[in-house]
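The values are calculated or read from the model by the stated rules, or taken from the named source; none is laboratory data. These figures come from a predicted structure and were not determined experimentally. Quick reminder, even Gly has a Cβ in these numbers, built from the backbone with ideal geometry, and neighbours come from all protein chains shown.
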Amino acid sequence: MRVLVTGSAGHLGEALVRCLRAEGHEPVGLDLLPSPFTGVVGSITDRALVRRCLDGVDAVVHAATLHKPHVATHTRQQFVDTNVTGTLTLLEASVAAGVGRFVFTSTTSAFGRALSPPPGAPAAWITEDVTPIPRNVYGVTKTTAEDLCQLVSRDHGLPCVVLRTSRFFPEPDDAAKLRAVYADGNLKANELLHRRVDLEDAVAAHLLALERAPALRFRRYVISATTPFTRDDLADLRADAPRIVARLFPDYPELYRRRGWRMFPAIERVYVNTRACDELGWQPRWDFARVLEHLARDEDPRSELARAVGSKGYHPEAPRAPRPT
């Protein structure tokens with residue numbers, strides 16, 4: 001299968017190209033930045049270029065995007081141009097080219113303010129049925145792009161699967177307060193309980209979405225590591241997360257103590273991947289239990305793919321202040 005992968009110089013894009021090649025497919029990488037995994041350097045907003053890239057293509061995985069860290073360095077118009085207009089360009093060109101399936105990488109950040117329950121309320125249980133309340137232009141443009149996928153799928157019959165991925169980036173957290181309190185590995189280990197996915201598992205979900213898209217027609221899925229929590233834990237997670245985690249993983253306190261790590265005092269949201277597992281046949285391998293197994297052996301608790309792709313950052317050069325919108 002010949003697959004156009006947008007954002008091929010990024011974390012997910014590179015990983016997708018690597019794995020598609022390994023499985024015998026013919027990926028075509030498209031990105032603004034050159035890389036060993038980018039065959040075409042250019043913009044997804046360039047209609048003529050996109051049409052040429054889609055020649056003979058069977059499927060599209062659209063991972064190119066402006067991310068949340070770009071909110072501080074890019075204008076709202078730039079977000080609309082890339083995340084909305086770029087997605088529409090790809091969708092319309094895919095229909096015209098007779099592409100058979102389209103997978104769009106979205107984000108759990110699309111849920112926005114729905115992720116933060118009011119003080120005293122239980123942690124939020126985040127499934128595909130939660131209505132997004134975007135917090136910033138990133139969330140607005142990603143939810144708009146999702147809706148464009150649904151519109152084009154409905155009107156033109158393009159099978160389209162939207163994957164709302166949780167965190168998989170290796171870069172330090174964008175919250176200075178968290179960086180000041182938690183070691184980077186500590187943060188990422190904690191997040192696998194409720195809001196992170198390993199890159200290997202994210203790629204596996206995309207490959208399954210490609211396979212299943214014609215039968216599914218249009219679907220949205222939450223893509224995050226399998227949480228050990230249930231709805232019955234939500235009130236206690238908001239009040240005393242370490243106690244709940246210790247009940248489920250009695251060996252975690254000692255493993256954390258050896259490293260000077262700590263658990264979050266409270267957890268305010270839990271991402272639920274049940275629908276993706278049931279309908280895609282997705283079986284994520286990397287979760288908090290696996291992290292503890294690796295920590296007990298003093299091993300790196302990341303997949304081989306995540307280690308191979310490594311850290312890329314979000315700005316290829318020193319960021320400039322955004323122009324007024």
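The residue pairs whose first member lies in region 270-288 and is more than 28 Å from Glu299 (Cβ to Cβ), whose second member is buried (at least 21 other Cβ atoms within 10 Å of the Cβ) and modelled with pLDDT under 95, and whose beta carbons are closer than 6 Å, counting only pairs six or more residues apart or on different chains, do not exist in this structure.
Evaluate region 84-102: report whether one residue or more is within 19 Å of the chain's Cα centre (by Cα), on the phi < 0 side of the Ramachandran plot, modelled with pLDDT under 95 and in a helix (DSSP H, G or I). No: region 84-102 contains no residue that is within 19 Å of the chain's Cα centre (by Cα), on the phi < 0 side of the Ramachandran plot, modelled with pLDDT under 95 and in a helix (DSSP H, G or I). The residue that is nearest to Val3 (Cα to Cα), counting only those in region 205-230 that are of a type outside the set (A, V, I, L, M, F, W, C) and surrounded by 20 or more Cβ atoms within 10 Å (Cβ to Cβ), is His206.
When each of Arg76, Arg47 is tested for being among the basic types (Lys, Arg) and modelled with pLDDT of 95 or more, the lone residue that passes is Arg47. I'm checking my understanding of the structure. Among residues of region 43-66 that are out of contact with any Leu (no Cβ under 9 Å at 6 or more places or on another chain) and buried (at least 19 other Cβ atoms within 10 Å of the Cβ), which one is farthest from Gly7 (Cα to Cα)? Looking at the filtered set, the residue picked out is Leu66.
Filter region 1-29 down to the residues that are of a type in the set (A, V, I, L, M, F, W, C) and under 14 Å from Thr105 (Cα atoms), then identify the one that is farthest from the chain's Cα centre (by Cα). Going through the qualifying residues, I end up with Leu4. Against the list (1) surrounded by fewer than 21 Cβ atoms within 10 Å (Cβ to Cβ); (2) in a helix (DSSP H, G or I); (3) of a type in the set (Phe, Trp, Tyr), the condition Trp125 fails is (2). The set of residues from region 252-266 being in contact (Cβ under 8 Å) with a residue 12 or more places away in the chain and surrounded by 13 or more Cβ atoms within 10 Å (Cβ to Cβ) comprises Tyr252, Leu255, Tyr256, Arg259, Trp261, Arg262, Met263, Phe264, Ala266. Scanning region 267-300 for residues that are buried (at least 20 other Cβ atoms within 10 Å of the Cβ) and of a type in the set (A, V, I, L, M), which turns out farthest from Tyr221 (Cα to Cα)? Result: Leu295.
For the residues Val162, Val130, Val152, the requirement of being in a helix (DSSP H, G or I), of a type outside the set (Asp, Glu) and touching a helix residue (DSSP H, G or I) at 6+ places or on another chain (Cβ under 8 Å) singles out Val152. For Asn190, the test of being under 19 Å from the mean Cα position of the chain (by Cα), over 27 Å from Ala215 (Cα atoms) and either surrounded by 15 or more Cβ atoms within 10 Å (Cβ to Cβ) or touching a residue at least 40 places away in the same chain (Cβ under 8 Å) (or both) is passed. Scanning region 70-81 finds one or more residues that are closer than 16 Å to Leu32 by Cα, touching a Lys or Arg at 6+ places or on another chain (Cβ under 9 Å), of a type outside the set (Asp, Glu) and surrounded by fewer than 20 Cβ atoms within 10 Å (Cβ to Cβ). The conditions of being at pLDDT below 95, among the hydrophobic types (A, V, I, L, M, F, W, C) and surrounded by fewer than 21 Cβ atoms within 10 Å (Cβ to Cβ) are not met by Ala22. Counting only residues that are over 23 Å from Arg167 (Cα atoms) and charged (D, E, K, R), region 205-224 holds 3 of them.
Being in a loop (DSSP other than H, G, I, E, B) and either surrounded by fewer than 17 Cβ atoms within 10 Å (Cβ to Cβ) or at pLDDT 95 or above (or both): is that true of Ala239 here? Answer is no for this residue. Residues in region 165-176: is at least one at pLDDT 95 or above, surrounded by 18 or more Cβ atoms within 10 Å (Cβ to Cβ) and either in contact with a Pro (Cβ under 9 Å, 6 or more places away or on another chain) or over 19 Å from Thr105 (Cα atoms) (or both)? No, the conditions are met nowhere in region 165-176.
Are any of the residues in region 188-197 of a type in the set (Lys, Arg) and not in a helix (DSSP H, G or I)? Yes, because at least one residue in region 188-197 is of a type in the set (Lys, Arg) and not in a helix (DSSP H, G or I). Restricting the search to region 213-234, which residues are within 19 Å of the chain's Cα centre (by Cα) and part of a helix (DSSP H, G or I)? Listed by number, the list holds a single entry, Ala213.
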